[in-house]
Amino acid sequence: MALFRDRVDAGRQLAAHLRHYAGRDDVVVLGLPRGGIPVAYEVARALGAPLDVYLVRKLGVPGHEELAMGAIGSGGVRVLNREVLAQLGIGQEDVERVARRERRELERREQAYRGGRPALDLAGKTVILIDDGLATGASMRAAIEALRSEEPARIVVAVPTASAESCAMLEPQVDEVICAATPAPFYAVGASYAEFAQTTDREVTELLAQAAAARGDDEP
């Protein structure tokens, strides 16, 4: 049985687990594109916090792109799953080829999503990183590593659904992990949703623009 109607419903339910961050001027909500943005939008609205996008890209195994061998994030960060690389005999040349392609896509999205608006200043902030769920956690790990270079005061990871193992794996890496639901057995993120259509670039751009306008920052 699905736990959430869609990502909007998931965001509203997740926000209930984050009430202790509401109304604070030191909190920033970051969504991982694309599916994390509708969830993060609802959380940011409920908390009265600014919203921004934080870009990471999965590095899919050649020929089996749904399987992550790692991820890249803003600022040149790269996280590799050494176990997957070793098991499948994936060489450095293959990793570099996939990473170059995904880097181009990351840069394209960064320019498109914000519509010319600068990224939010994260130094000294409590940053809540949100996705629509965690499977391997590779994208979230990349985001965490990239985020550290921006010197936030605290990093909080919050997702509507995840495997218990992924949540436990992230706990030593951040200040707080909030997983609203940890279904067992955990098959896939989409299994927790009644409606799990792919979020489009246009939806991401519009939600970020709406959030910026609401905080009076809608001019590039």
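Please report, ordered by residue number, every helix of the chain (full DSSP H runs) that is 15 Å or longer along its axis going by C-alpha atoms and whose mean Kyte-Doolittle hydropathy reaches 0.5.
On the way: long enough: 36-47 (16 Å, 0.90); 92-114 (33 Å, -2.30); 138-148 (16 Å, 0.37); 201-214 (20 Å, 0.11).
Membrane-span-like by this criterion, though nothing is claimed about a membrane: 36-47.
Which order, highest average first, do 18-27, 199-208 follow once you tally other Cβ atoms within 10 Å for each residue and take the mean per peptide? Each step should come with its number before you reach the end.
Working: 18-27: 13.7, 199-208: 16.8.
With the highest mean Cβ count within 10 Å placed first, the list reads 199-208, 18-27.
Give the long-range amide H neighbours of ILE178: residues separated by 5 or more places, or on another chain, with amide H under 5 Å away, using H modelled in the peptide plane at 1.01 Å from N.
It is VAL157, ALA158, VAL159, by chain and number.
Given the chain, what percent of its DSSP beta bridges are antiparallel, to the nearest 5? Walk me through the numbers before you get to the answer.
Numbers: 10 of 30 bridges.
So the antiparallel bridges in the chain amount to around 35 percent.
Taking the number of other C-beta atoms within 10 Å as the exposure measure, put LEU80, LEU170 in order starting with the fewest. Don't jump to the answer; show the numbers that get you there.
Working: LEU80 19, LEU170 22.
Result, fewest neighbours first: LEU80, LEU170.
How big is segment 1-90 in terms of Cα radius of gyration and Dmax, in angstroms?
Computed over the Cα atoms of segment 1-90, radius of gyration and Dmax are 16.6, 50 Å.
Anyone know which of VAL43, VAL79, VAL95 comes out most mobile in the 10 Å Cα GNM of the chain?
Maximum among the listed residues: VAL95.
Segment 12-44 to segment 116-157: how many Å between their Cα centroids?
For segment 12-44 versus segment 116-157, the Cα centre distance is 12 Å.
A short reminder: the numbers here are calculations on the coordinates, not readings from a lab. Note that the structure is predicted; figures quoted are calculated from it, not measured. Reconstructed Cβ throughout: ideal geometry from the backbone, glycine too, with neighbour counts over all protein chains shown.
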